[in-house]
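Taking it in order: structure first as structure tokens, then the write-up.
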Amino acid sequence: MSDDSQISATVSAATKEKLDRFTERYGLRKNYVVEQALLFLRGRIYFHHVNGKRAAANSGAPSVLIAYGENDARTLEACPLNGQFIHLGVTRRWRMI
């Protein structure tokens, strides 16, 4: 994988403040792990009826598989499905102090 296919992701201070307010409002614990990698699938997904016959229409939108954590990202990168793999390379965690 070339460096050209990698992007960096960061969380702005404003976004972190919104997340902090949201978690405090609903009494949630702050411990988030965000996506590590994406695999945008080439083409569209087709669904099938229970009898095995392919449906007339496809999913109607692009599909993406999302990896949460480095182990999942490695698995997704090794996946034999056709598409574009993007490694975000950032795991962000906020913990209660």
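Read the figures in this text as sums done on the coordinates, not as results from a lab. Everything quoted here is computed from the prediction, not taken from an experiment. Note that each Cβ is placed from the backbone with ideal geometry, even for glycine, and that neighbours are counted across all protein chains shown.
Quick check on my filter: what residues within the range 36-51 are small (Gly, Ala, Ser) and either farther than 23 Å from ALA67 by Cβ or in contact with a Lys or Arg (Cβ under 9 Å, 6 or more places away or on another chain) (or both)?
Step one: list which residues in the range 36-51 are small (Gly, Ala, Ser), which gives 37, 43.
ALA37 - this is the single residue of the range 36-51 that is small (Gly, Ala, Ser) and either farther than 23 Å from ALA67 by Cβ or in contact with a Lys or Arg (Cβ under 9 Å, 6 or more places away or on another chain) (or both).
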Note to self: Among (1) under 10 Å from ALA37 (Cα atoms); (2) out of contact with any Phe, Trp or Tyr (no Cβ under 9 Å at 6 or more places or on another chain), there is one condition PHE85 misses while meeting the rest; what is its number?
What the structure shows: (2)
